[in-house]
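S.K.: Submitted below is the structure of interest, expressed as structure tokens.
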Amino acid sequence: MRLFGTNGIREVVGDRLTPEFATRFATAVATICPVGPPIALGWDGRTASPALARIVSGTLVLMGHRVVELGILPTPAIQWSVPRVGAQLGIIITASHNPPEFDGFKCIAADGLEATRETEIRLEQAMSAPPPRSAPFDRLGSSRHDEGGAARYLEGILERVDAPTIVARHFVVVLDCANGASAVTSPELLRRLGCQVVTLNGHIDGTFPGRPSEPTEANLTHLARTVPAVGADLGIAHDGDADRAAFVDATGRFVPGEKILALLARDRLRRGRGGVIVTPVTGSRAVEDLARELGGQVVYTRVGSPSVTHAMQERSALFGGEENGGLIFPELHLARDGAMTAAAVLDLLAHEGRPLAESLAGLPSYTMVKLKLPLPTDRREELLTGLTRALAAPGAEIVALDGVKSVRPDGWVLVRPSGTEPLLRVFAEAKEPARAQALAEEGRRAVEVALAGLV
Ligand code: MG
């Protein structure tokens, strides 16, 4: 049975995510891992995460494994710790930016990268097999707490930016932690970078009382009002597990994730004199324009950070990431990293010596429109065939890497079934906002036509 989506297992607590489910998951991990090197375990600030962590840790110990408990940390901080505590596998208990009723599991390989689909398939098979015997009383494993995760991670980031130059700028930053795991790392990171930090939603609370956990423009209105009100240089917001960062400029205007990706890509292409940038098929054409100008190359992948990070590893990429603000800095590690994104943007602003809005103004200008539509069928293959037909147009190139992307001379539209929810996502991009809107509408009509063709 398929349990892992594009970003691990995410289920509703008390519905599918029960103590029995958590035990079955931990037993499966214990089965596929040889007894020997430890298994690292960290979790986010969701209401069920600490209890799920006890079940997972206890089950692994009863199956004979050694467990290193890292406590509440951002997902990238756990990924950073896995190789550094010598673990053979890492488990993260998180549901990232999902609504508060969700929680879930994500697995990290020994090198800190997200586990491959092969590992997930082995886990899914082990979860549906009859459970093996647990260890006898004299061959139990053990668990220990590791308090060093946050400090270790912050050192890693601070060593990879020009901290003295950032500190000298005395930035004023409003930081919105979404009541999530970043509360244990990002305020301290910004203080160590010499910033005056105003923190919103800075205590951990898995009910997400401040705002929904996804850092979208609609969810960041409080941040957008606070930044100009306190005279800050910029605002930074994380999602619940802090593998993403979103930004607002000094006037309080939200900066779409694809613009931050393009801004940092330009900086890195200039400094590296070219190089490979990896982004999913949802990536902005602005990055292609920059790569052409600066001697770089864009490699597109399927949606989902495992696809991006593994392609980055294969191609020795300079930089990569997703248009939702999940950016990956190979000089630190091959993981989406919200705190590193914050530090990298401050580094760029400190060196460019101008406000964020001015740095962004020089980028190739595109507008991206995103729509979510209901997906009332599970006949995905037939739907994709119908979409391919509906999105064909004179001069269009169809890309079938993930969903159906119709690339036109003046823009593109992509329709793909979501990997985490029963939805179809439509992405469209063009230089002119009206054209981007028209392409998105074309995507919507293509969905109607393709769905009508199924009956
Ligand atoms: Mg996340």
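The values are calculated or read from the model by the stated rules, or taken from the named source; none is laboratory data. Quantities reported herein were computed from a predicted structural model and do not represent experimental measurements. Every residue, glycine as well, gets a Cβ built from its backbone with ideal geometry; the counts of neighbours run over all protein chains shown. Heads up: the accessible areas ignore ligands, DNA and RNA and are worked out on the full protein's heavy atoms, side chains in. Shrake-Rupley method; radii C 1.70, N 1.55, O 1.52, S 1.80 Å.
S.K.: May I ask you to order 141-148, 5-12 by the average number of other C-beta atoms within 10 Å around their residues, highest value first?
M.R.: Ranked by mean Cβ neighbours within 10 Å, highest first: 5-12, 141-148.
S.K.: Follow-up question, since we're still on this one. In whole angstrom, and with the biggest value first, how far do the Cα coordinates of the range 105-209 range along each principal axis?
M.R.: 59, 34, 32
S.K.: Students often check this: by mean Cβ neighbours within 10 Å, which of 27-40, 218-231 ranks highest, and how do the rest follow?
M.R.: 27-40, 218-231
S.K.: Something else about it: Per q in 0.06, 0.08, 0.10, 0.14 1/Å, what log10 I(q)/I(0) does a Debye calculation on the alpha-carbon atoms of the chain return?
M.R.: Taken in order of the listed q values, log10 I(q)/I(0) reads -0.26, -0.46, -0.73, -1.37.
S.K.: Would you mind working out the accessible area per residue for the chain, using a 1.4 Å probe, and quoting it in Å²?
M.R.: Heavy-atom accessible area per residue stands at 39 Å².
S.K.: Probe radius 1.4 Å, ligands and nucleic acids ignored: give me the carbon and sulfur share of the accessible area of the range 257-361 as a rounded percent.
M.R.: The value for the range 257-361 is 46 percent carbon and sulfur by accessible area.
S.K.: May I pose another question? With a ≥ b ≥ c the root eigenvalues of the C-alpha gyration tensor of the range 279-334, is it rounded (a/c under 1.5), prolate (a/b larger than b/c) or oblate?
M.R.: Because a/c hits 1.5 or more and a/b fails to exceed b/c, the range 279-334 counts as oblate.
S.K.: Just going by the charge dipole of the chain, with Lys and Arg at +1 and Asp and Glu at -1 on Cβ, which of A163, A343, A115 is farthest out on the positive end?
M.R.: Working it through, the farthest residue towards the positive pole turns out to be A115.
S.K.: While we're here: Which of the chymotrypsin sites (Phe, Trp or Tyr not before Pro) across the range 103-173 are loop residues per DSSP, with 15 or fewer other Cβ within 10 Å?
M.R.: Those that pass, being in a loop and sparsely packed, number zero.
S.K.: Of all accessible surface on the range 9-147 at a 1.4 Å probe, what whole percent is carbon and sulfur?
M.R.: Within the range 9-147, the accessible surface is 57 percent carbon and sulfur.
S.K.: With a length cut of 27 Å (Cα positions projected on each helix's long axis) and a Kyte-Doolittle mean of at least -1.0, go through the chain and give me the DSSP H helices that pass.
M.R.: Helices meeting the criterion: 433-452.
S.K.: What whole-number distance in Å separates the alpha-carbon centres of the range 1-26 and the range 53-88?
M.R.: 18 Å
S.K.: Assign unit charges at the C-beta atoms only (+1 for Lys and Arg, -1 for Asp and Glu), then state the dipole size of the chain relative to its Cα centre in Debye, rounded to the nearest 20.
M.R.: Computed charge dipole of the chain: roughly 360 debye.
S.K.: With every protein chain left in place, what is the accessible area of M368 in Å² (1.4 Å probe, nearest 10)?
M.R.: The accessible area of M368 comes to roughly 30 Å².
S.K.: Stretch K431-R273 to full length: gain in nm at 0.36 nm per residue minus the Cα-Cα span?
M.R.: 54.3 nm
S.K.: Given just the C-alpha atoms of the range 299-455, how large is their convex hull per residue in cubic angstrom?
M.R.: Details: hull volume 20.5 nm³, N = 157.
Spelled out: Cα convex hull of the range 299-455, divided by residues, is 131 Å³.
S.K.: Ignoring ligands, DNA and RNA, what percent of the 1.4 Å accessible area of the range 158-250 is carbon and sulfur?
M.R.: Reported share for carbon and sulfur atoms: 51 percent.
S.K.: I would also like to ask the following. Give me the tail of P(r) for the range 153-247 as a percent: Cα-Cα pairs with distance above 19 Å.
M.R.: 38 percent
S.K.: L17's amide H: which non-local residues (gap 5+, or another chain) put their own amide H closer than 5 Å, with H modeled 1.01 Å from N in plane and none for Pro or chain starts?
M.R.: Long-range HN contacts for L17: V12.
S.K.: By a straight-distance test (C-alpha under 23 Å), which lysines pair with K405 as possible cross-link partners, with residues fewer than eight away in the same chain excluded?
M.R.: Within the straight-line cut-off, K405 pairs with K259, K370, K372, K431.
S.K.: In nm, what is the difference between 0.36 nm times the number of residues separating D15 and V399 and their Cα-Cα distance?
M.R.: Gain on extension, D15 to V399, equals 134.5 nm.
S.K.: Further question on the same structure: Grab the beta carbon distance between R389 and A438, set R0 = 22 Å, and tell me the FRET efficiency rounded to 0.05.
M.R.: Once rounded, the FRET efficiency stands at 0.65.
S.K.: Here is a further query. Determine, from the Cβ-Cβ distance of R191 and A218 and an R0 of 25 Å, the FRET efficiency 1/(1 + (r/R0)^6), rounded to the nearest 0.05.
M.R.: Result of the calculation: an efficiency of 0.30.
S.K.: Can you give the calculated 222 nm mean residue ellipticity of the chain, where each DSSP H run of n ≥ 4 adds -39,500 (n - 2.57) and the sum is split over every residue, rounded to the nearest 500 deg cm²/dmol?
M.R.: -11500 deg cm²/dmol
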